[in-house]
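The values are calculated or read from the model by the stated rules, or taken from the named source; none is laboratory data. Here the structure is a predicted model, which means the values were calculated and not measured. Backbone-built Cβ (ideal geometry, glycine too); neighbour counts: all protein chains shown. With ligands, DNA and RNA removed, areas are computed over all heavy atoms of the protein, side chains included. Shrake-Rupley method; radii C 1.70, N 1.55, O 1.52, S 1.80 Å.
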Amino acid sequence: MTQPVRWIRNFVDGEFAEPDGPGFPAVDPATGAEFARVHEAGRELVHRAVTGARAALHNGWADTPVRERTALLRRAADRIEARFEEFVAAEVADTGKPVTQARELDVARAVANFRTFADVIAAAGQESFVTDLPGGAQALNYAVRKPLGVVAVIVPWNLPLLLLTWKVAPALGCGNAVVVKPSDQTPSTATLLAEVLAEVGLPAGAYNVVHGFGGDSAGQYLTEHPGIDGVTFTGSSATGTQVMRTVAPRVRPVSFELGGKNAAIVFDDADLDETLAGLTRSVFANTGQVCLCTERVYVQRSVFDDVAAGLVEQARGLRLGDPLTERTTTGPLISPEHRRKVLDYLALAEEAGAKTLTGGGIPELGPELDGGSWLEPTLWTGLTNKDRPVREEIFGPVAALIPFDTEDEAISLANDTEYGLASSVWTQDLRRGHRVAQAMHVGMSWVNTWFLRDLRSPFGGMGLSGIGREGGASSLHFYTEPTNVCVRL
Ligand code: NDP
């Protein structure tokens, strides 16, 4: 007996739309098996989503008191917690990431995103200035912040729910309506979030989901739509450029969190065990598919061999396998196409004379996982900053280890990139830690840790890594427009 098709549907103007075409497959990257069909939104459905979002603003959502909006964010957090394992299962099915990571990072952060932005928005004040005028008169200036309007939210496949809620929570909290376009590869959790937001009483039209691809599909239709007041986008630098071109004629604000080619700098006084544990996370977390992941490791020459040997041992200790097994630490890459891209960089590294210390191939994990996009955690030596695998973002479980002699040399090697997202510095000399961390040309600079986030602090990148910052007050600035009122007293 054939199973009925399970559809992942679009959510438009408060309702799930009935599929009206063949759709496209939702595929489990761990096995390569299709587990559902996704309804691809056409131009007309995207239009309905944008006009529904506009109507929600006019029907009162934009003027809802802050107290009610923040209470709704808290209810959403509670409801995600109540349906926690459903979100975990959906995220694992879409991405193949280990179930422990989905619990501890992805879904836990979705809850934290809603709670943190409820707190931040509830505590936000207004700027005001008293201006002294000639003759002793005064004027009062104050800025009122209004919702930006209808916000297009476009997110990638690597941390789908985490990145989605990082944008949706502050956008809704500030009184905007959103139209979300998740990656075609990870459609499930954005759809589940539609259910949750309806359950907690979000008015129809304030949250919409349109599924599909980028060019000539939902992504393009959304960014081309004249009813969009701003775009918040996380994805590759190349797509960011494209989106910017699309919205440029209408001069819409953009917030871009783009790619990275992040460096770690390890000094000879670093605590070896802590550094190895931190580096292992920063290189291999989410199979290297985090924009913040380290792909360049600069190590002071006197400890180079020890760090290289230690990191190789850690990489070999990672456990690839069934994502639903608790002991699995490392999942597959997102798709065969992405694995092809990473394998091409492995070939390039070999041509450039790299020595592969560990990995470099496709692991044997048994017949059930044969169809998945698996790749061995890989470490290289012998490359320099001139080589393409050290210059270009690979977005896989790979890193190049490169020696340095002096602090100045380490800083200039780390900053020798067009990207500027994140870095980490490993040293027990805290004066040096502060100095080097501040010298990094990046948005986030860590000392003796990595991906440790306080969600009230700014997040974003420089250069090819993005435009603007989100997090805490930075999010409130992006998702609102100020009107300055000047009153002669
Ligand atoms: P892409 O840029 O390919 O896609 C990102 C999103 O944009 C997807 O939803 C995609 O749809 C959509 N999209 C693609 N083309 C267009 C278009 N022309 N118009 C509108 N939307 C479009 O990135 P990936 O999904 O491959 O994600 C990996 C990239 O994301 C890496 O470069 C990584 O560094 C970056 N990233 C950055 C982060 C940061 O915070 N700085 C965090 C996480 C990832 P579809 O997938 O359906 O094609």
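By the scheme Lys and Arg +1, Asp and Glu -1, what is the net charge of all other residues having a beta-carbon under 12 Å from that of His47?
0
Using helices alone, I'd like the mean residue ellipticity at 222 nm for the chain: each DSSP H run of four-plus residues gives -39500 (n - 2.57), total over residue count, nearest 500.
That calculation yields -11000 deg cm²/dmol at 222 nm.
What residues qualify as long-range amide H neighbours of Gly420, i.e. H under 5 Å apart, gap of 5 or more or another chain, H built at 1.01 Å from N?
Lys261, Met462, Leu464, Ser465
Work out how far the C-alpha atoms of region 1-156 reach from end to end along every principal axis, then list the three figures in whole Å, largest first.
88, 39, 24
Would you grab the residues whose amide H sits under 5 Å from the one on Thr294? Only those 5+ places off in sequence or on another chain, please, with H modelled 1.01 Å from N.
Amide H neighbours of Thr294: Val283.
Using a simple charge model, +1 on the beta-carbon of Lys and Arg, -1 on the beta-carbon of Asp and Glu, nothing else, what dipole does region 420-489 show about its Cα centre, in debye to the nearest 20?
Around 220 debye, computed over region 420-489.
Order Leu369, Leu172, most accessible first, counting only protein heavy atoms with a 1.4 angstrom probe.
Working: Leu369 25, Leu172 0 Å².
The ordering from most to least exposed comes out as Leu369, Leu172.
Quick one: what are the phi-derived ³J(HN,Hα) couplings along region 402-409, Karplus 6.51/-1.76/1.60 with θ = phi - 60°, whole Hz, x for glycine and proline?
Result, ordered by residue: 9, x, 9, 10, 10, 4, 4, 5 Hz.
Can you return the lysines within cross-link range of Lys261? Criterion is Cα-Cα under 18 Å, with same-chain partners fewer than 8 residues away left out.
Lys341, Lys386
Using only the Cα atoms of region 336-403, build the gyration tensor, take square roots of its eigenvalues as a ≥ b ≥ c, and label the shape rounded, prolate or oblate: rounded if a/c is under 1.5, else prolate if a/b is larger than b/c, else oblate.
prolate
Give the distance, in whole Å, between the Cα centre of region 249-271 and the Cα centre of region 174-242.
Cα centres, region 249-271 to region 174-242: 23 Å.
Can you list the HN-Hα couplings for region 307-317, worked out from phi with the Karplus curve (6.51, -1.76, 1.60; θ = phi - 60°), rounded to whole Hz and with x for Gly and Pro?
Running phi through 6.51 cos²θ - 1.76 cosθ + 1.60 with θ = phi - 60° gives 5, 4, 5, x, 5, 4, 4, 4, 4, 6, x Hz.
Find the Rg to Rh ratio for region 347-462, where Rh is the Kirkwood radius over alpha-carbon pairs and Rg uses the same atoms.
My calculation puts Rg/Rh at 1.03.
Summing +1 for each Lys or Arg and -1 for each Asp or Glu, what net charge is found among the other residues whose Cβ lies under 15 Å from the Cβ of Thr232?
The answer is 0.
What shape does region 272-396 take by its C-alpha gyration tensor, where a ≥ b ≥ c are the square roots of the eigenvalues and a/c under 1.5 counts as rounded, a/b above b/c as prolate, and the rest as oblate?
Judged from the Cα gyration tensor, region 272-396 comes out oblate (a/c at least 1.5, b/c at or above a/b).
Let me have the relative contact order for the chain, percent, based on Cα pairs under 8 Å that are six or more residues apart.
Working: 1113 pairs, mean separation 92.4, N = 489.
RCO, the chain: 19 percent.
For region 416-445 and region 101-167, what is the separation of their Cα centres, given in Å?
Cα centroid to Cα centroid, the span is 26 Å.
Keeping every protein chain in place, order Glu195, Glu81 by accessible area at 1.4 Å, biggest value first, i.e. largest first.
From most exposed to least exposed: Glu81, Glu195.
Where does the charge balance sit around Gly149 when Lys and Arg score +1, Asp and Glu -1, over other residues with C-beta under 9 Å from its C-beta?
That works out to 0.
Counting only Cα atoms, I'd like the Rg/Rh figure for region 173-271, Kirkwood definition for Rh.
Computed over Cα atoms, the ratio is 1.10.
Determine ³J(HN,Hα), in whole Hz, for all residues of region 252-261 in sequence, where each value follows from phi through the Karplus function 6.51 cos²θ - 1.76 cosθ + 1.60 and θ = phi - 60°; x replaces Gly and Pro.
9, x, 10, 10, 10, 10, 10, x, x, 9
At q = 0.06 Å⁻¹, what log₁₀ I(q)/I(0) does a Debye calculation on the Cα points of the chain give, no solvent, two decimals?
With one equal scatterer per Cα and no solvent, log10 I(q)/I(0) is -0.28.
Based only on Cα atoms, what mean projected area does the convex hull of region 196-353 have, in nm²?
Convex hull of Cα atoms, orientation-averaged projection: 14.4 nm².
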